[in-house]
Amino acid sequence: MKFLMEDSKIIPIIKFNSGDKSQVISKLPDIPSVPSNPSFNVNPALQKILTGKQLLVGDLPFSLEEIHQHYENGYIVYRRGLEISDTKLKCERCGSTDPASFAEFPCSRCGETDVYCRRCLMMGRVSGCTPLISWKGPNPESTVHSSLLNWDGQLSEGQKLASNRVVEAVENLSELLVWAVAGAGKTEVLFAGIERALSTGKRVCLATPRTDVVLELAPRLGKVFPQVKIASLYGGSDDRHEYAQLTIATTHQLLRFYQAFDVIIVDEVDAFPYSVDETLQYVVEQSRKLQSTLIYLTATPSQKWQRECRLGKREYVTIPARFHRKPLPVPRFEWSGNWEKKLSKGKLSVNITKWIEARLASGKPTLVFVPKISYMEKILFLLRQLHPQIESVHAEDPERKEKVLKMRQKEIPILVTTTILERGVTISNIDVAVIGSEDRIFTESALVQIAGRAGRSTQFPTGDVIFFHYGKTEAMVNARNQIVKMNKEGIKKGLIDV
């Protein structure tokens, strides 16, 4: 697509001639904004889809003529999809500036050799001739209720403190890190803040790295806020064109949003891919309004964030204890020798075997984490000689959910797993082992989360957590230290019974 500049407006040109003065949008020196025409009849369906979004022409189920009429009457803005200069390329949708993210192609839409962004190609191609289209007019009308929260649960003392800080952040349009131990009940801490935002007409987004968390949270929040329209966004979801007061989305889906939300809550900021993908961090910033609240949730902030908290450079609140007021299980370190070499000969280290046998004898459900699928398969073969119902699970396992359910129902005594179960899984009365905890895949964050699988229930608030290793790592030591510090803080604040 190309544009002509005429009467302080740009006009999209589909059919262009080699001699005309049309240009791709990335080469236009300026993109004029048109004043709103109050007598223009806005299409409410287009308003609903575009509010707070940045979409491509192909994303919109409307003709280019109708879209452009709204631009000419001041209700839509066109923005460059790519910023192109002699020194730099930048994708305005995903923020990428890495030269490796861009490639050239012969574009049939503009008739030129164009450049496109490969980084966010899964959301539709953004090239030098691509406009990003956003809504400039008023938001769709939505009903604001003064009382929205339908929850009669009780918060612990630690949760109450964090909940009050979340409400303050919403009111003050500020940023806040909620640093809560695994199993502390982070979701419940958000309820009052979300209600405060929604009751004053604000739009709220809860973003998480994983689709399964979106699918879990949507019905849960639907019960708590029964009067609120909720949109669930993930790859292939049906709600992508919905306008809602409360949006629950994977962080990737935020690529479609632009200055949309008054409150953004980012869950599991330590988790892959958000923790390592600057694009996702960029789109979170781009999807929030200029004056807005940003809340981060994590059980395991990075060392950099922990340092910023200690130095007063980052606003934060901790929940150092679980609701049952018992300390977090502290991991034990146990040397297992060159377990990889033994495994290659079809054997397990003696102390690993003895620990497994003790779990089987006591009937205690157990999660055994290993660094690679290839190790998992060999270990499973050996453990099935101890008990035939022992199973394994990994990210691509089609029976993943069924196996976790069977373990909850005590049909599987031990589940050997990769890091796929490091978070988001709660099984009562469980013990946890890591084989090969020195492997680099077991980061500080991963090890804290793994240890956090144990001792989560009121009935069984303890559990054995053991890291079998062939040499201690900094990640192992930092993980244990972090857990010990949280326990000490919980005791100091009177949140843990000694």
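Screening SER33, SER39, SER26 for residues that are free of Cβ contacts under 8 Å to residues at least 60 places away in the same chain and among the hydroxyl-bearing types (Ser, Thr, Tyr) leaves exactly one candidate, SER39.
Scan the stretch 347-393 for residues that are in contact with a helix residue (DSSP H, G or I) (Cβ under 8 Å, 6 or more places away or on another chain), under 18 Å from ARG408 (Cα atoms) and of a type in the set (Ser, Thr, Tyr) and the total you get is 2.
Here is a yes/no grid of residues against (1) more than 17 Å from GLY463 (Cβ to Cβ); (2) in contact (Cβ under 8 Å) with a residue 24 or more places away in the chain; (3) surrounded by fewer than 19 Cβ atoms within 10 Å (Cβ to Cβ):
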site	(1), (2), (3)
ILE356	no, yes, no
PRO371	yes, yes, no
MET376	yes, yes, no
ILE379	yes, yes, no
ILE390	yes, yes, no
GLU396	yes, no, yes
GLU402	yes, no, yes
THR419	yes, yes, no
GLU422	no, yes, no
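With respect to ASN429, determine if the residue is assigned to a loop (DSSP other than H, G, I, E, B), out of contact with any Ser or Thr (no Cβ under 6 Å at 6 or more places or on another chain), surrounded by fewer than 21 Cβ atoms within 10 Å (Cβ to Cβ) and of a type in the set (S, T, N, Q). Taking the combined requirement at face value, the residue satisfies it. With the condition kept exactly as written, say whether any residue in the stretch 408-424 is at positive phi and among the basic types (Lys, Arg). Checking the stretch 408-424: at least one residue is at positive phi and among the basic types (Lys, Arg). Residue by residue through the stretch 2-23, note down the ones that are modelled with pLDDT of 70 or more, out of contact with any strand residue (DSSP E or B) (no Cβ under 8 Å at 6 or more places or on another chain) and within 14 Å of GLY111 (Cα to Cα). Scanning the stretch 2-23 gives a single hit, ILE14.
Only a single item in (1) open to solvent by 20 Å² or more (accessible area, probe 1.4 Å); (2) touching a Ser or Thr at 6+ places or on another chain (Cβ under 6 Å); (3) touching a residue at least 24 places away in the same chain (Cβ under 8 Å); (4) of a type outside the set (A, V, I, L, M, F, W, C) is not met by ARG118, and it is number (3).
Restricting attention to the stretch 69-83, report how many residues are within 25 Å of VAL115 (Cα to Cα) and surrounded by fewer than 19 Cβ atoms within 10 Å (Cβ to Cβ). Summing the residues that are within 25 Å of VAL115 (Cα to Cα) and surrounded by fewer than 19 Cβ atoms within 10 Å (Cβ to Cβ) in the stretch 69-83 gives 2. Evaluating GLN409 against the criteria (1) crowded, with 21+ Cβ neighbours inside 10 Å; (2) more than 27 Å from the chain's Cα centre (by Cα) leaves one unmet condition, (1). Taking the stretch 1-103 and the strands (runs of 3 or more DSSP E) fully enclosed by it, the elements with 1 or more residues that are within 27 Å of the chain's Cα centre (by Cα) are at 76-80, 82-84, 89-91. The set of residues in the stretch 308-333 that are open to solvent by 40 Å² or more (accessible area, probe 1.4 Å), closer than 23 Å to GLU422 by Cβ and in contact with a helix residue (DSSP H, G or I) (Cβ under 6 Å, 6 or more places away or on another chain) comprises TYR316, PRO327, VAL330.
Among the residues of the stretch 196-207, are any under 26 Å from GLU444 (Cα atoms) and within 16 Å of the chain's Cα centre (by Cα)? So far as the stretch 196-207 goes, yes, one or more of its residues are under 26 Å from GLU444 (Cα atoms) and within 16 Å of the chain's Cα centre (by Cα). Tell me which residues, restricted to the stretch 268-295, are within 17 Å of LEU206 (Cβ to Cβ), open to solvent by 20 Å² or more (accessible area, probe 1.4 Å) and either assigned to a loop (DSSP other than H, G, I, E, B) or among the hydroxyl-bearing types (Ser, Thr, Tyr) (or both). GLU268, ASP270 - these are the residues of the stretch 268-295 that are within 17 Å of LEU206 (Cβ to Cβ), open to solvent by 20 Å² or more (accessible area, probe 1.4 Å) and either assigned to a loop (DSSP other than H, G, I, E, B) or among the hydroxyl-bearing types (Ser, Thr, Tyr) (or both). Return a yes/no flag: does the stretch 341-350 have any residue that is on the phi < 0 side of the Ramachandran plot, β-branched (Val, Ile, Thr), surrounded by 16 or more Cβ atoms within 10 Å (Cβ to Cβ) and modelled with pLDDT of 95 or more. No, the conditions are met nowhere in the stretch 341-350. The one condition from (1) assigned to a helix (DSSP H, G or I); (2) over 19 Å from ILE483 (Cβ atoms); (3) in contact (Cβ under 8 Å) with a residue 40 or more places away in the chain; (4) open to solvent by 20 Å² or more (accessible area, probe 1.4 Å) that TRP305 does not meet is (2). Screening ASP238 against (1) assigned to a strand (DSSP E or B); (2) open to solvent by 10 Å² or more (accessible area, probe 1.4 Å); (3) within 22 Å of LEU121 (Cα to Cα) leaves a single unmet condition, (1). Output yes when any residue across the stretch 20-42 is hydroxyl-bearing (Ser, Thr, Tyr), closer than 19 Å to ARG256 by Cα, touching a Gly at 6+ places or on another chain (Cβ under 8 Å) and open to solvent by less than 70 Å² (accessible area, probe 1.4 Å), and no when none is. Within the stretch 20-42, none of the residues are hydroxyl-bearing (Ser, Thr, Tyr), closer than 19 Å to ARG256 by Cα, touching a Gly at 6+ places or on another chain (Cβ under 8 Å) and open to solvent by less than 70 Å² (accessible area, probe 1.4 Å).
I'm checking my understanding of the structure. Among residues of the stretch 241-267 that are among the small types (Gly, Ala, Ser) and part of a loop (DSSP other than H, G, I, E, B), which one is surrounded by the most Cβ atoms within 10 Å (Cβ to Cβ)?
Among residues in the stretch 241-267 that are among the small types (Gly, Ala, Ser) and part of a loop (DSSP other than H, G, I, E, B), the one surrounded by the most Cβ atoms within 10 Å (Cβ to Cβ) is ALA260.
For the stretch 144-166, what are the residues that are without any contact (Cβ under 8 Å) to a residue 60 or more places away in the chain and either closer than 30 Å to ASN41 by Cβ or open to solvent by 20 Å² or more (accessible area, probe 1.4 Å) (or both)?
Going through the stretch 144-166, the residues without any contact (Cβ under 8 Å) to a residue 60 or more places away in the chain turn out to be 144, 146-147, 152-155, 160, 163-164.
Those that are without any contact (Cβ under 8 Å) to a residue 60 or more places away in the chain and either closer than 30 Å to ASN41 by Cβ or open to solvent by 20 Å² or more (accessible area, probe 1.4 Å) (or both): VAL144, SER146, SER147, ASP152, GLY153, GLN154, LEU155, LYS160, ASN164.
Here is a yes/no grid of residues against (1) part of a helix (DSSP H, G or I); (2) surrounded by 23 or more Cβ atoms within 10 Å (Cβ to Cβ); (3) in contact (Cβ under 8 Å) with a residue 12 or more places away in the chain:
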residue: ALA433; (1), (2), (3): no, yes, yes
residue: GLU438; (1), (2), (3): no, no, yes
residue: SER445; (1), (2), (3): yes, yes, yes
residue: SER457; (1), (2), (3): no, no, yes
residue: THR462; (1), (2), (3): no, no, yes
residue: VAL477; (1), (2), (3): yes, no, no
residue: ASN487; (1), (2), (3): yes, no, yes
residue: ILE491; (1), (2), (3): yes, no, yes
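The values are calculated or read from the model by the stated rules, or taken from the named source; none is laboratory data. Everything numeric in this text was worked out from a predicted model, so none of it was measured. Here the Cβ is made from the backbone with ideal geometry for all residues, glycine too, and neighbour counts use every protein chain on show. Areas reflect the complete protein model, heavy atoms only, side chains present, ligands, DNA and RNA absent. Shrake-Rupley method; radii C 1.70, N 1.55, O 1.52, S 1.80 Å.
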